[in-house]
1. Could you list all residues from region 196-224 that are more than 16 Å from the ligand (Cβ to nearest atom) and open to solvent by 70 Å² or more (accessible area, probe 1.4 Å)?
2. Need pairs with beta-carbon distance below 7 Å; first residue within 28 Å of Arg90 (Cβ to Cβ) and within region 260-285, second exposed (fewer than 14 other Cβ atoms within 10 Å of the Cβ); sequence gap 6+ or separate chains.
3. Name the residue that is modelled with the lowest pLDDT, counting only residues in region 157-179 that are exposed (fewer than 15 other Cβ atoms within 10 Å of the Cβ) and under 22 Å from Arg204 (Cα atoms).
4. Among the candidates Lys106, Lys134, which residue alone is of a type in the set (D, E, K, R) and either more than 30 Å from Met57 (Cα to Cα) or surrounded by 10 or more Cβ atoms within 10 Å (Cβ to Cβ) (or both)?
5. What about Val238, is it away from the ligand (no atom under 15 Å from the Cβ) and open to solvent by less than 30 Å² (accessible area, probe 1.4 Å)?
6. Could you go through region 88-107 and let me know if any residue there is among the β-branched types (Val, Ile, Thr) and at pLDDT 95 or above.
7. Within the bounds of region 257-271, is there any residue that is away from the ligand (no atom under 16 Å from the Cβ), open to solvent by 80 Å² or more (accessible area, probe 1.4 Å) and more than 14 Å from Ala72 (Cα to Cα)?
8. I'd like to verify a number: residues in region 146-156 that are touching a residue at least 24 places away in the same chain (Cβ under 8 Å) and open to solvent by less than 90 Å² (accessible area, probe 1.4 Å), how many?
Amino acid sequence: MLDLVSLSRAWVVGGKTSNMDAGLLRNLVEANMTQEDDTNHEKLTDELLSNTFAFLMAGHETSAHSLSFAVAFLALYPEVQQKIYEEATRIWPDGCPTTASVSSYKEHMPKLEYTLATFQETIRMFPAAPRLTKIVHMDTTLTVHRFTTQGTGEIEAITPFTVPVRAGSLILLDTMAVHMNPIYWGHDAEEFNPERFLDTETYRWPRDAFFAFSSGPRSCIGQRFALTESVCTLTSLVRRYEISVPEHLTGKPFEEQKRILLKWRPRTTPTPLNCMVRLRRRAVN
Ligand code: HEM
């Protein structure tokens, strides 16, 4: 982050702003340099740094890693990819929208229901913030559930119990554990299945058990942006290309392909290590 900001600053000072694709960062750096009280241009203000942090970490890395996992899932699950392709083709029968053609959020986003479900299912399984920490403001008591599972994964013996929580405590919300909890997501919670994010007449997906974007007043301010850009990226990609597992993995058992492609490391956000796929241009674009 520091390197990027110094480089941008040097370009702005040297009049080389045309070198900078990142307009967001340029605007911040320029605004920061024109502050009257900022006589030392080398000094980074907290505001500039925290905004850069928001763009790079909160805004970019989260979405980028989530999309990498999503693309790996599409290679592993061609039937899911096919449904996204059909959804995109229904909306754009003549090919992907371009910057010149008109595509409207209001009109098209609600029709990309399955693509949205696929992305939500991806971040259910790979939430960018697998755990969140919060400070408790007032004494409270939480009701939680203990349960056991049979060999088949079916849940039994759900027993409620209470946990007193003191004001001032630091608590850890385990997003990943909630996302994998069979009480909310069923005995196949560990399976990738976008359908679980599609409401039907008899089923409503459990909103309270999904907090990839956290929840409440301090939840992600970029949630709608992230969902929209990810749906756009996935539909555009699948509309143009067929995604498959890389050549060196074809012929390997599915579970092994999955283990390799979805390998990740816990860094600032869960970081994919092997999301490599093969893209083949579709005949009709
Ligand atoms: C898949 C993509 C994303 C995921 C999974 C995600 C997830 C989250 C989560 C879990 C939080 C709460 C963090 C906490 O309580 O400690 C958060 C906060 C935040 N996110 Fe996102 N985010 C994503 C994309 C974005 C984008 C695209 C932006 C900006 C354009 C953004 C900006 C922010 C900001 C500024 C906060 C802090 C909000 C506050 O503290 O009031 N995020 N995000």
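1. First, the residues of region 196-224 that are more than 16 Å from the ligand (Cβ to nearest atom): 196, 198-206.
Selection gives Thr200, Glu201, Thr202, Tyr203, Arg204.
2. Qualifying pairs under 7 Å: Arg278/Glu247.
3. Ile158
4. Details: Lys106 fails: either more than 30 Å from Met57 (Cα to Cα) or surrounded by 10 or more Cβ atoms within 10 Å (Cβ to Cβ) (or both).
Only one candidate passes the filter, namely Lys134.
5. Numbers: away from the ligand (no atom under 15 Å from the Cβ): yes; open to solvent by less than 30 Å² (accessible area, probe 1.4 Å): yes.
Here the answer is yes, as Val238 does meet what is asked.
6. First, the residues of region 88-107 that are among the β-branched types (Val, Ile, Thr): 89, 91, 98-99, 102.
With the extra rule that they be at pLDDT 95 or above, the set shrinks to none.
No: zero hits.
7. Residues of region 257-271 that are away from the ligand (no atom under 16 Å from the Cβ), as a first pass: 257-263, 265.
Narrowing further to those that are open to solvent by 80 Å² or more (accessible area, probe 1.4 Å): 259, 263, 265.
When the remaining residues are screened for being more than 14 Å from Ala72 (Cα to Cα), the result is 265.
Yes, the conditions are met somewhere in region 257-271.
8. The number of residues fulfilling the criteria is 5.
The values are calculated or read from the model by the stated rules, or taken from the named source; none is laboratory data. Note that the structure is predicted; figures quoted are calculated from it, not measured. No Cβ is skipped: glycine too gets one built from the backbone with ideal geometry, and neighbour counts run over all protein chains shown. All accessible areas refer to the heavy atoms of the entire protein, side chains included, with ligands and DNA or RNA removed. Shrake-Rupley method; radii C 1.70, N 1.55, O 1.52, S 1.80 Å.
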